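Down below is the structure, laid out as C-alpha coordinates.
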Amino acid sequence: MVREGESRHGVVHRRDGHPQPSDAAYARSVSETTVDNTTEHTTGHPTERTTVEFWFDPNCPWAWMTSRWVGEVAEHRDLDVTWKVMSLFVLNEDQDIPDEYRERIHKGQLYPRIVTAARLRLGQDIVKPLYDALGEHVHHRQEQDPDQVVPAVLAELGLDADLLEYAWTDEVDAAVRVSHQDGIDRVGQDVGTPVIAVAGTAFFGPVISPAPKGQEALDLWDGVVAVAKVPGFFELKRSRTVGPIFDTTD
(Lines give C-alpha, C1' and ligand atoms only; values in the text may rest on other atoms or scores of the structure.)
Protein backbone atom coordinates (compact mmCIF):
# COMPACT_ATOMS: atom_id res chain seq x y z
CA MET A 1 0.00 0.00 0.00
CA VAL A 2 1.27 3.43 -0.89
CA ARG A 3 -0.29 6.59 0.47
CA GLU A 4 0.56 10.21 -0.02
CA GLY A 5 4.10 11.21 0.86
CA GLU A 6 5.45 7.73 1.43
CA SER A 7 7.17 4.91 -0.36
CA ARG A 8 5.99 1.35 0.11
CA HIS A 9 8.43 1.02 3.01
CA GLY A 10 6.97 3.98 4.92
CA VAL A 11 4.04 4.60 7.21
CA VAL A 12 1.72 7.56 6.86
CA HIS A 13 1.34 9.86 9.81
CA ARG A 14 -1.45 12.30 8.98
CA ARG A 15 -2.05 15.40 11.05
CA ASP A 16 -4.38 14.31 13.88
CA GLY A 17 -5.53 17.69 15.08
CA HIS A 18 -3.49 17.68 18.29
CA PRO A 19 -1.59 20.90 19.05
CA GLN A 20 1.93 21.17 17.67
CA PRO A 21 3.28 24.27 19.43
CA SER A 22 6.69 24.01 17.85
CA ASP A 23 5.33 23.68 14.30
CA ALA A 24 4.12 27.25 14.01
CA ALA A 25 7.31 28.61 15.49
CA TYR A 26 9.38 26.54 13.11
CA ALA A 27 7.30 27.64 10.15
CA ARG A 28 7.79 31.29 11.14
CA SER A 29 11.53 30.85 11.47
CA VAL A 30 11.70 29.27 8.02
CA SER A 31 9.62 32.02 6.45
CA GLU A 32 11.99 34.62 7.81
CA THR A 33 15.01 33.02 6.15
CA THR A 34 16.68 35.31 3.62
CA VAL A 35 18.29 34.40 0.36
CA ASP A 36 21.98 34.81 -0.25
CA ASN A 37 21.78 36.26 -3.73
CA THR A 38 25.48 35.76 -4.23
CA THR A 39 25.26 31.97 -4.01
CA GLU A 40 24.75 31.35 -7.67
CA HIS A 41 27.75 33.44 -8.60
CA THR A 42 30.18 32.45 -5.90
CA THR A 43 29.63 28.70 -5.97
CA GLY A 44 29.57 28.27 -9.72
CA HIS A 45 25.96 27.15 -10.12
CA PRO A 46 25.11 26.84 -13.81
CA THR A 47 22.95 29.61 -15.18
CA GLU A 48 21.27 27.57 -17.93
CA ARG A 49 17.61 26.67 -17.52
CA THR A 50 16.92 23.46 -15.59
CA THR A 51 14.15 21.22 -16.89
CA VAL A 52 11.85 19.95 -14.13
CA GLU A 53 8.83 17.66 -14.32
CA PHE A 54 6.58 17.43 -11.26
CA TRP A 55 3.91 14.75 -10.81
CA PHE A 56 1.28 15.44 -8.17
CA ASP A 57 -2.08 14.30 -6.91
CA PRO A 58 -3.94 17.41 -5.70
CA ASN A 59 -5.20 15.39 -2.73
CA CYS A 60 -1.71 14.81 -1.33
CA PRO A 61 -0.54 17.30 1.34
CA TRP A 62 3.08 16.18 0.99
CA ALA A 63 3.11 16.78 -2.77
CA TRP A 64 1.54 20.16 -2.08
CA MET A 65 4.34 21.23 0.26
CA THR A 66 7.00 19.96 -2.13
CA SER A 67 5.35 21.95 -4.90
CA ARG A 68 5.49 25.10 -2.76
CA TRP A 69 9.22 24.51 -2.30
CA VAL A 70 9.73 24.15 -6.06
CA GLY A 71 7.80 27.38 -6.54
CA GLU A 72 10.04 29.13 -4.03
CA VAL A 73 13.15 27.89 -5.83
CA ALA A 74 11.76 28.97 -9.19
CA GLU A 75 11.70 32.57 -7.97
CA HIS A 76 15.51 32.50 -7.65
CA ARG A 77 16.66 29.86 -10.15
CA ASP A 78 15.86 29.50 -13.83
CA LEU A 79 13.55 26.47 -13.84
CA ASP A 80 11.35 25.21 -16.65
CA VAL A 81 8.71 23.26 -14.69
CA THR A 82 6.05 21.08 -16.29
CA TRP A 83 3.26 20.10 -13.87
CA LYS A 84 1.65 16.70 -14.37
CA VAL A 85 -0.99 14.71 -12.55
CA MET A 86 -0.61 11.35 -10.95
CA SER A 87 -3.27 9.46 -9.02
CA LEU A 88 -3.22 7.95 -5.54
CA PHE A 89 -6.22 5.89 -6.59
CA VAL A 90 -4.39 4.36 -9.56
CA LEU A 91 -1.27 3.86 -7.44
CA ASN A 92 -3.20 1.83 -4.87
CA GLU A 93 -5.98 0.22 -6.88
CA ASP A 94 -4.42 -3.27 -6.75
CA GLN A 95 -3.13 -2.96 -3.19
CA ASP A 96 -4.56 -4.30 0.05
CA ILE A 97 -5.57 -1.06 1.77
CA PRO A 98 -8.11 -0.17 4.46
CA ASP A 99 -11.64 0.37 3.20
CA GLU A 100 -11.72 3.90 4.63
CA TYR A 101 -8.60 4.91 2.73
CA ARG A 102 -9.82 3.25 -0.47
CA GLU A 103 -13.09 5.19 -0.22
CA ARG A 104 -11.20 8.44 0.32
CA ILE A 105 -8.88 8.06 -2.66
CA HIS A 106 -11.74 6.80 -4.83
CA LYS A 107 -13.63 10.02 -4.14
CA GLY A 108 -10.39 11.95 -4.52
CA GLN A 109 -10.15 10.94 -8.19
CA LEU A 110 -12.19 14.02 -9.04
CA TYR A 111 -9.27 16.40 -8.50
CA PRO A 112 -6.86 14.73 -10.97
CA ARG A 113 -9.81 14.43 -13.34
CA ILE A 114 -10.61 18.15 -13.17
CA VAL A 115 -6.98 19.12 -13.76
CA THR A 116 -6.73 16.70 -16.68
CA ALA A 117 -9.99 17.85 -18.25
CA ALA A 118 -8.86 21.46 -18.04
CA ARG A 119 -5.49 20.62 -19.59
CA LEU A 120 -7.09 18.74 -22.47
CA ARG A 121 -9.42 21.66 -23.17
CA LEU A 122 -7.18 24.65 -22.44
CA GLY A 123 -3.61 23.38 -22.64
CA GLN A 124 -0.72 22.83 -20.27
CA ASP A 125 -0.60 26.41 -19.00
CA ILE A 126 -3.78 25.96 -16.96
CA VAL A 127 -2.41 23.07 -14.88
CA LYS A 128 -0.33 25.06 -12.38
CA PRO A 129 -2.93 27.79 -11.69
CA LEU A 130 -5.59 25.13 -11.20
CA TYR A 131 -3.36 23.11 -8.90
CA ASP A 132 -2.54 26.25 -6.91
CA ALA A 133 -6.21 27.11 -6.49
CA LEU A 134 -7.23 23.58 -5.51
CA GLY A 135 -4.39 23.37 -3.01
CA GLU A 136 -5.35 26.69 -1.45
CA HIS A 137 -8.82 25.35 -0.70
CA VAL A 138 -7.99 21.73 0.10
CA HIS A 139 -4.78 22.15 2.08
CA HIS A 140 -4.51 25.72 3.33
CA ARG A 141 -8.17 26.26 4.10
CA GLN A 142 -8.78 22.58 4.90
CA GLU A 143 -12.02 22.51 2.92
CA GLN A 144 -13.08 18.90 2.65
CA ASP A 145 -16.21 19.01 0.46
CA PRO A 146 -15.31 18.74 -3.24
CA ASP A 147 -18.88 19.66 -4.16
CA GLN A 148 -18.04 23.13 -2.86
CA VAL A 149 -14.31 23.25 -3.64
CA VAL A 150 -14.42 22.50 -7.36
CA PRO A 151 -17.15 24.99 -8.37
CA ALA A 152 -15.46 27.67 -6.27
CA VAL A 153 -12.09 27.06 -7.92
CA LEU A 154 -13.54 27.03 -11.42
CA ALA A 155 -15.29 30.32 -10.72
CA GLU A 156 -12.15 31.90 -9.26
CA LEU A 157 -10.17 31.06 -12.38
CA GLY A 158 -12.95 31.98 -14.78
CA LEU A 159 -13.12 28.44 -16.16
CA ASP A 160 -16.16 26.85 -17.76
CA ALA A 161 -18.50 25.43 -15.13
CA ASP A 162 -19.17 22.38 -17.28
CA LEU A 163 -15.66 21.10 -16.49
CA LEU A 164 -17.24 19.91 -13.25
CA GLU A 165 -19.00 17.19 -15.23
CA TYR A 166 -15.69 15.43 -15.81
CA ALA A 167 -15.10 15.03 -12.07
CA TRP A 168 -17.82 12.43 -11.69
CA THR A 169 -17.24 10.33 -14.81
CA ASP A 170 -14.38 8.23 -16.16
CA GLU A 171 -14.22 10.17 -19.43
CA VAL A 172 -10.69 11.51 -18.83
CA ASP A 173 -9.44 8.60 -16.74
CA ALA A 174 -7.38 7.20 -19.62
CA ALA A 175 -5.49 10.50 -19.86
CA VAL A 176 -5.00 10.55 -16.09
CA ARG A 177 -3.50 7.06 -16.27
CA VAL A 178 -1.17 8.00 -19.12
CA SER A 179 0.22 10.93 -17.12
CA HIS A 180 0.44 8.83 -13.97
CA GLN A 181 2.23 5.99 -15.73
CA ASP A 182 4.70 8.38 -17.31
CA GLY A 183 5.87 9.35 -13.83
CA ILE A 184 5.83 5.80 -12.45
CA ASP A 185 7.81 4.50 -15.41
CA ARG A 186 10.60 6.91 -14.43
CA VAL A 187 10.91 5.72 -10.82
CA GLY A 188 9.22 2.33 -10.48
CA GLN A 189 6.02 1.31 -8.71
CA ASP A 190 7.61 1.31 -5.25
CA VAL A 191 6.95 5.02 -4.57
CA GLY A 192 4.38 7.54 -3.40
CA THR A 193 3.70 11.17 -4.26
CA PRO A 194 5.22 13.43 -5.42
CA VAL A 195 7.52 12.33 -8.24
CA ILE A 196 10.04 14.84 -9.62
CA ALA A 197 12.36 14.63 -12.59
CA VAL A 198 15.31 17.03 -12.70
CA ALA A 199 17.14 17.25 -15.99
CA GLY A 200 15.75 13.83 -16.89
CA THR A 201 16.55 12.03 -13.61
CA ALA A 202 13.40 11.15 -11.64
CA PHE A 203 12.84 10.24 -8.00
CA PHE A 204 10.14 10.15 -5.34
CA GLY A 205 10.06 13.16 -3.03
CA PRO A 206 11.54 15.04 -1.39
CA VAL A 207 9.03 14.79 1.45
CA ILE A 208 9.32 17.97 3.52
CA SER A 209 7.40 19.78 6.24
CA PRO A 210 7.07 22.69 6.20
CA ALA A 211 8.10 23.83 2.73
CA PRO A 212 11.48 25.55 3.15
CA LYS A 213 11.90 29.13 2.06
CA GLY A 214 14.73 31.48 1.20
CA GLN A 215 18.26 30.18 1.30
CA GLU A 216 17.15 26.94 2.95
CA ALA A 217 14.98 26.20 -0.09
CA LEU A 218 17.87 26.85 -2.45
CA ASP A 219 20.28 24.74 -0.39
CA LEU A 220 17.88 21.80 -0.56
CA TRP A 221 17.44 22.31 -4.29
CA ASP A 222 21.19 22.29 -4.86
CA GLY A 223 21.40 19.02 -2.96
CA VAL A 224 18.65 17.48 -5.05
CA VAL A 225 20.34 18.57 -8.27
CA ALA A 226 23.63 17.18 -7.00
CA VAL A 227 22.27 13.69 -6.22
CA ALA A 228 20.32 13.65 -9.50
CA LYS A 229 23.66 13.80 -11.30
CA VAL A 230 24.91 10.58 -9.65
CA PRO A 231 23.74 7.57 -11.71
CA GLY A 232 24.11 5.15 -8.81
CA PHE A 233 22.19 7.19 -6.23
CA PHE A 234 18.83 5.67 -5.26
CA GLU A 235 17.56 6.41 -1.78
CA LEU A 236 17.81 8.41 1.44
CA LYS A 237 15.14 8.03 4.12
CA ARG A 238 14.33 8.79 7.73
CA SER A 239 11.09 8.62 9.67
CA ARG A 240 8.95 11.73 9.77
CA THR A 241 8.48 13.39 13.14
CA VAL A 242 5.91 16.01 12.12
CA GLY A 243 2.81 16.07 9.96
CA PRO A 244 2.08 18.48 7.14
CA ILE A 245 2.69 22.09 8.26
CA PHE A 246 0.98 24.56 5.97
CA ASP A 247 1.18 28.31 5.53
CA THR A 248 -2.50 28.54 6.41
CA THR A 249 -4.80 31.43 5.62
CA ASP A 250 -6.65 33.40 8.27
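Listed by chain and number, the lysines whose alpha-carbon sits under 29 Å from that of LYS213, ignoring those within fewer than 8 places in the same chain, are LYS84, LYS128, LYS229, LYS237.
Segment 161-250: percent of C-alpha pairs farther apart than 22 Å?
It works out to 47 percent of all Cα pairs.
Leaving ligands, DNA and RNA out of it, report the carbon-plus-sulfur percent of the accessible area of segment 103-142 at a 1.4 Å probe. Of all accessible area on segment 103-142, carbon and sulfur atoms account for 48 percent. What the phi angles of segment 155-164 give under the Karplus curve with 6.51, -1.76 and 1.60, with θ = phi - 60°, is a coupling list of 5, 4, 8, x, 8, 4, 5, 6, 4, 4 Hz, glycine and proline written as x.
Specify the inter-centroid distance of segment 230-249 and segment 139-178, based on alpha-carbon positions, in whole Å. After rounding, the separation between the Cα centres reads 28 Å.
A cut-off under 9 angstrom between Cβ atoms defines the neighbours of ALA117, and their net charge, with Lys, Arg +1 and Asp, Glu -1, is +1. Taking amide H as placed 1.01 Å from N in the peptide plane, THR51 has its amide H under 5 Å from the amide H of ASP80, ALA199, each at least 5 places away in sequence or on another chain. What segment 124-220 shows is 44 Å² of accessible area per residue, with the surface traced by a 1.4 Å probe over protein heavy atoms. In terms of its C-alpha gyration tensor, segment 68-214 has a rounded overall shape, because the principal axis ratio a/c (a ≥ b ≥ c, square roots of the eigenvalues) stays below 1.5. Sorting SER209, SER239, SER67 by accessible area puts them as SER239, SER209, SER67; the probe is 1.4 Å, largest comes first, and only protein heavy atoms count.
Add +1 for every Lys or Arg and -1 for every Asp or Glu among the other residues with Cβ under 12 Å from the Cβ of ALA211, and state the total.
Around ALA211, the charge tally is -1.
Charged neighbours of LEU163, selected by a Cβ distance under 10 Å, balance to -1 (K, R count +1; D, E count -1).
The values are calculated or read from the model by the stated rules, or taken from the named source; none is laboratory data. Being a predicted model, the structure only gives us computed values, none of them experimental. Don't worry about glycine lacking a Cβ; one is built from the backbone with ideal geometry, like all the others, and counts go over all protein chains shown. Remember, those area values only see protein heavy atoms, side chains included, never the ligands or the DNA or RNA. Shrake-Rupley method; radii C 1.70, N 1.55, O 1.52, S 1.80 Å.
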